[in-house]
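See structure below.
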Amino acid sequence: MSAQDRLTDALYGLGWSTVKKLPEPVAVTLGRTIADAAWKQRGKGVQRLESNYARVVPDASPERLAELSRAGMRSYMRYWMESFRLPAWSRERIGAGVDVKDLHYLTEGMAAGKGVILALPHLANWDLAGAWLTTHLGIPFTTVAERLKPETLYDRFVAYREGLGMEVLPHSGGSAFGTLARRLRDGGLVCLVADRDLSSSGVEVGFFGDTARMPAGPALLAQHTGALLLPATLWYDDSPVMRGQVHPPVEVPESGTRAEKTSVMTQALADAFATGIADHPEDWHMLQRLWLADLDAAKGRP
């Protein structure tokens with residue numbers, strides 16, 4: 001393991017061991033202080049966040065984009081402060097920390113017994129939403145995690161999420177799809193963060209006026225298993241409560257090839273994600289390139 005990898009792992013370990021012991025107001029203040037310091041440094045992540053926001057809010061002035069990126073970094077650090085503290089939160093604190101509209105789409109889908117796929121973008125705190133599902137609603141689920149480097153950091157994330165009641169499968173390795181399909185056929189719940197393709201074999205979608213690529217997995221799973229596909233979006237307000245919205249189901253088209261059906265369904269997911277992101281752009285934690293034009297530009301650099 002390189003020195004950089006050891007440092008990264010140590011910092012995350014420090015976060016989980018130390019931040020969770022802080023009183024909540026202290027953690028909130030610390031997160032905001034770190035976010036503002038990072039924003040002022042104008043590193044690559046902040047610049048990419050601002051560039052992505054420029055696509056979401058195309059008429060925003062430079063001053064407005066700066067405000068958005070500052071708010072975005074504060075939202076991003078709120079995610080981390082909450083995540084570091086989640087293992088120490090009581091069932092009551094988790095239950096009081098989330099409020100979701102139109103939850104009936106999920107509960108009725110689970111009651112039907114055919115399985116449900118909940119697809120989300122990188123909005124607000126998807127880990128908190130997952131903990132709320134497992135502890136407050138009592139619904140276990142299976143998800144997929146990107147293999148992070150160093151491997152010890154990936155192991156930390158898996159242990160953390162499994163500690164919150166989630167079954168976590170590695171994104172790489174090829175066996176995840178089959179396991180997810182089995183869970184759905186057994187009437188289970190699968191939750192997938194699905195606004196960024198990690199495989200380079202995703203589906204091209206129109207997204208805020210340009211082309212991006214999103215994973216085909218949610219749509220393919222729905223076609224293979226007959227499970228209900230539900231988009232969901234999350235956001236923060238000025239309270240300690242995270243808000244959420246379950247959107248109407250994405251139906252499998254009656255005609256077309258598998259690829260055509262997958263394209264239509266993934267576009268429907270992208271459209272649902274876009275509504276949540278447009279309403280709460282500062283809570284979209286996308287510090288990486290997403291649109292194909294940006295990815296292609298990066299490839300062309302010497």
Among 102-108, 126-132, 223-229, what's the highest-first ranking by average C-beta atoms within 10 angstrom per residue? 126-132, 223-229, 102-108
Cα gyration tensor shape of segment 176-302, rounded if a/c is under 1.5, else prolate or oblate by comparing a/b with b/c: oblate
Segment 30-84-segment 228-302 distance, computed between alpha-carbon centres (Å): 19 Å
Within segment 205-246, whose backbone N sits under 13 Å from a point 7 Å along Cα→Cβ of residue 292? 205-207, 210-214
At 1.4 Å probe size, with the rest of the protein present, what percent of the exposed accessible area of the chain is carbon and sulfur atoms? 53 percent
Based on Cβ point charges of +1 for Lys and Arg and -1 for Asp and Glu, what charge dipole magnitude is obtained for segment 203-302 about its Cα centre, in debye rounded to the nearest 20? 460 debye
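What does the net charge come to around residue 33 if you take all other residues with beta carbon closer than 13 Å to its beta carbon, with K and R at +1 and D and E at -1? Provide the component values of the computation, followed by the final result.
Working: positive: 32, 40, 70, 74, 78; negative: 36.
Result for the neighbourhood of residue 33: +4.
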Do the sum for the chain: with -39,500 (n - 2.57) for every DSSP H run of n ≥ 4, divided by all residues, what is the mean residue ellipticity at 222 nm, to the nearest 500 deg cm²/dmol? -16000 deg cm²/dmol
Say we join alpha carbon atoms closer than 10 Å with springs in a Gaussian network model of the chain; which of 40, 114, 20 then has the biggest fluctuation? 40
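Hey, what's the chain come to in accessible area per residue, 1.4 Å probe, Å²? Walk me through the numbers on the way to the answer.
Values: 14200 Å² over 302 residues.
Roughly 47 Å² per residue, with all protein chains present.
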How high is the relative contact order of the chain? Use alpha-carbon pairs under 8 Å, at least six apart in sequence, and give a whole percent. 23 percent
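What net charge is computed for the residues neighbouring residue 133, neighbours being all others with C-beta under 13 Å from the C-beta of residue 133, Lys and Arg scored +1, Asp and Glu -1? Show your work: numbers first, answer last.
Values: positive: 91, 161; negative: 127, 167.
Value of the local net charge: 0.
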For the chain, what is the percent of antiparallel DSSP beta bridges, rounded to the nearest 5? 40 percent
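When N counts the residues of segment 31-187, how does its alpha-carbon radius of gyration compare numerically with 2.2 N^0.38 Å, as a ratio? Could the numbers behind the result be given before it?
Values: Rg = 18.0 Å, N = 157, 2.2 N^0.38 = 15.0 Å.
Scaled against compact globular proteins, the figure is 1.20.
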Please give the residues of segment 119-134, grouped as numeric ranges, whose backbone N is less than 20 Å from a label point set 7 Å along the Cα-to-Cβ vector of residue 101. 119-126, 129-130, 133
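Count neighbours as other Cβ atoms within 10 Å of each site's Cβ, and list the GluC sites (Glu not before Pro) in segment 196-302 that are DSSP loop with at most 16 such neighbours. Intermediate values should be presented prior to the final figure.
Numbers: sites: 204, 251, 254, 260, 282; in loops: 251, 254.
Within segment 196-302, the qualifying GluC sites (Glu not before Pro) (loop, at most 16 other Cβ atoms within 10 Å) are 251, 254.
The values are calculated or read from the model by the stated rules, or taken from the named source; none is laboratory data. The model shown is predicted, which means the values in this text are computed figures rather than measured ones. Note that each Cβ is placed from the backbone with ideal geometry, even for glycine, and that neighbours are counted across all protein chains shown. Quick note on the areas: whole protein, heavy atoms, side chains included, nothing else; ligands and nucleic acids left out. Shrake-Rupley method; radii C 1.70, N 1.55, O 1.52, S 1.80 Å.
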